[in-house]
2 protein chains.
Amino acid sequence: MNVRFNLRAMARVSQEHLDARRRQILDGARRCFTSNGFHATSMQDVLREAGLSAGAVYRYFRSKEEIVAAVAAETLESVRVSYAATAAADPPPTPDELIGAVLSRLRVLLGDTDGDDQRALPQLLMQVWGETLRNPEVARVLADGYHGLLGQWIALVEAYQSRGWVDPGADAEHVARTLIATVQGYFVQQALFGGMDPAGFREGLRALVAMNVPEEERRPAREH
Amino acid sequence: MNVRFNLRAMARVSQEHLDARRRQILDGARRCFTSNGFHATSMQDVLREAGLSAGAVYRYFRSKEEIVAAVAAETLESVRVSYAATAAADPPPTPDELIGAVLSRLRVLLGDTDGDDQRALPQLLMQVWGETLRNPEVARVLADGYHGLLGQWIALVEAYQSRGWVDPGADAEHVARTLIATVQGYFVQQALFGGMDPAGFREGLRALVAMNVPEEERRPAREH
DNA sequence: TTGTCAAGAATGAACGTTCGTTTTAACCTC
DNA sequence: GAGGTTAAAACGAACGTTCATTCTTGACAA
């Protein structure tokens with residue numbers, strides 16, 4: 001009996017193997033969650049899709065809830081990095097340039113990792129949004145990411161204002177929220193109906209920010 | 001309960017009573033679905049919230065699925081009517097005018113019927129979006145509403161173009177999709193974080209469509 | 001290099017619970 | 001007291017999870 005006092009238990013299989021199994025589970029779960037939602041997906045569905053038995057899966061995750069949280073976190077992270085990759089530039093990119101670039105990058109990213117299903121990520125993101133209503137941990141992660149993003153957009157809008165591209169009297173946060181809203185709406189439409197493409201969306205945004213309405217045609221702001 | 005003479009031959013309670021019970025069930029279910037999602041809500045939850053027993057509820061609805069479909073349909077309908085109430089005008093309202101008016105109207109509508117919880121409808125709408133991924137009937141209702149709405153917005157954008165407010169070279173459908181996206185994003189942010197108000201959103205939209213970027217500062221459209 | 005073997009990894013049947021739904025029997029109104 | 005409506009008990013199915021068991025792996029002795 002060769003009893004040795006190994007501090008680190010020797011792994012029976014490599015760390016790569018363990019990582020691959022974990023990924024196998026998360027990928028299977030993600031496919032289920034995307035088309036069926038978190039709570040209409042059973043563990044049996046996940047097991048079947050992952051190609052593993054119950055015992056195997058429960059060796060890597062303590063509960064279904066933990067898998068849901070992991071998939072949600074990865075989803076939010078993939079959206080976050082697609083934004084973060086777009087660095088600040090001088091002169092600042094216009095909204096249509098910036099958003100078009102972010103969406104194009106995301107499209108390329110998805111083409112590589114997701115079997116070219118351009119709707120999968122938006123659909124999953126929509127499920128994550130719904131999950132925040134009942135899962136405080138997911139809500140916290142989402143809120144953190146959102147507020148970081150909002151701060152970046154506010155800074156960008158302020159840069160617009162200092163260059164005279166945007167009315168300096170406008171509230172930068174309101175403008176930033178509106179810009180974020182366009183991206184969220186893009187995701188919603190892509191998730192629900194598909195057929196959205198970054199170039200077309202950029203064209204629409206471009207036409208909007210290039211709009212020119214004679215002031216005398218405007219109606220007063222308050223109506224009720 | 002208040003049982004009155006029967007209007008219909010077989011019924012022993014009034015139609016008003018039946019309608020009220022149906023509404024009682026739908027209201028309870030809606031409250032559950034809003035905060036918990038369709039599939040994380042059990043029938044027990046619905047029964048408790050509606051204050052009725054299983055037998056009573058199953059007299060009015062054949063299944064949980066039928067309740068889900070009814071709540072989803074009512075939700076989409078309430079969004080639809082809030083749009084439909086905004087008639088065509090000449091000159092056409094600018095995007096910020098129109099969207100601001102629609103959101104204000106919706107706010108008033110919600111204040112009357114929903115205990116002043118301005119997040120409830122957007123949250124429920126988000127759940128409905130998620131449900132379309134696995135429920136073809138809900139998906140059909142949503143798609144019908146969306147395409148009707150899209151058509152109206154395209155017509156409006158074309159009116160902008162004929163007045164020279166929007167670049168006539170832009171694809172009207174892309175611009176319309178972008179405008180719809182802003183509203184969807186408004187709903188998302190209101191559902192997730194609250195604190196959105198129509199006036200602020202209108203201000204943000206106003207600043208966007210009034211943006212003025214010197215052409216020589218723009219970057220080329222294609223990047224990769 | 002090869003054989004051995006303890007321990008990690010994986011299995012799948014079975015568990016207790018909770019699900020949506022149905023049946024039952026008491027209840028209320030006329 | 002009869003008809004229609006309700007609440008509550010009961011149903012089978014399906015849920016997420018566990019566990020006794022089997023299979024696989026890799027370090028080590030020879």
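The values are calculated or read from the model by the stated rules, or taken from the named source; none is laboratory data. In this text, all values refer to a predicted model and were calculated from it rather than measured experimentally. Cβ atoms come from the backbone with ideal geometry, glycine included; neighbour counts cover every protein chain shown. The area values use the complete protein model at the heavy-atom level, side chains included, leaving out ligands, DNA and RNA. Shrake-Rupley method; radii C 1.70, N 1.55, O 1.52, S 1.80 Å.
Evaluate the following for B:THR86: is it within 12 Å of another protein chain (Cβ to nearest Cβ), away from DNA strand C (no atom under 16 Å from the Cβ) and at pLDDT below 90?
Yes: the conditions hold for B:THR86.
I'm told B:VAL81 meets every condition in (1) within 30 Å of B:LEU18 (Cβ to Cβ); (2) of a type in the set (A, V, I, L, M, F, W, C); (3) open to solvent by less than 50 Å² (accessible area, probe 1.4 Å) except one. Can you identify the failing condition by its number?
Of (1) within 30 Å of B:LEU18 (Cβ to Cβ); (2) of a type in the set (A, V, I, L, M, F, W, C); (3) open to solvent by less than 50 Å² (accessible area, probe 1.4 Å), only one is false for B:VAL81: (3).
Search the stretch A:35-58 for residues being open to solvent by less than 50 Å² (accessible area, probe 1.4 Å) and more than 12 Å from DNA strand C (Cβ to nearest atom), and hand back the single one that is farthest from the other protein chains (Cβ to nearest Cβ).
A:VAL46
Do we have any residue at all in the stretch A:206-222 that's open to solvent by 10 Å² or more (accessible area, probe 1.4 Å), over 17 Å from B:ALA210 (Cα atoms) and at the interface with chain B (Cβ under 10 Å from one of its Cβ atoms)?
yes
Is it true that A:GLY51 is outside the structural domain of A:GLU203 (by TED's automatic domain parsing) and not polar (S, T, N, Q)? Working first, answer last.
Details: outside the structural domain of A:GLU203 (by TED's automatic domain parsing): yes; not polar (S, T, N, Q): yes.
Answer is yes for this residue.
Confirm whether A:ARG62 is out of contact with any helix residue (DSSP H, G or I) (no Cβ under 7 Å at 6 or more places or on another chain), basic (Lys, Arg), open to solvent by 10 Å² or more (accessible area, probe 1.4 Å) and within 15 Å of DNA strand C (Cβ to nearest atom). Quick ask: steps written out before the conclusion?
Values: out of contact with any helix residue (DSSP H, G or I) (no Cβ under 7 Å at 6 or more places or on another chain): yes; basic (Lys, Arg): yes; open to solvent by 10 Å² or more (accessible area, probe 1.4 Å): yes; within 15 Å of DNA strand C (Cβ to nearest atom): yes.
For A:ARG62, the condition - out of contact with any helix residue (DSSP H, G or I) (no Cβ under 7 Å at 6 or more places or on another chain), basic (Lys, Arg), open to solvent by 10 Å² or more (accessible area, probe 1.4 Å) and within 15 Å of DNA strand C (Cβ to nearest atom) - is met.
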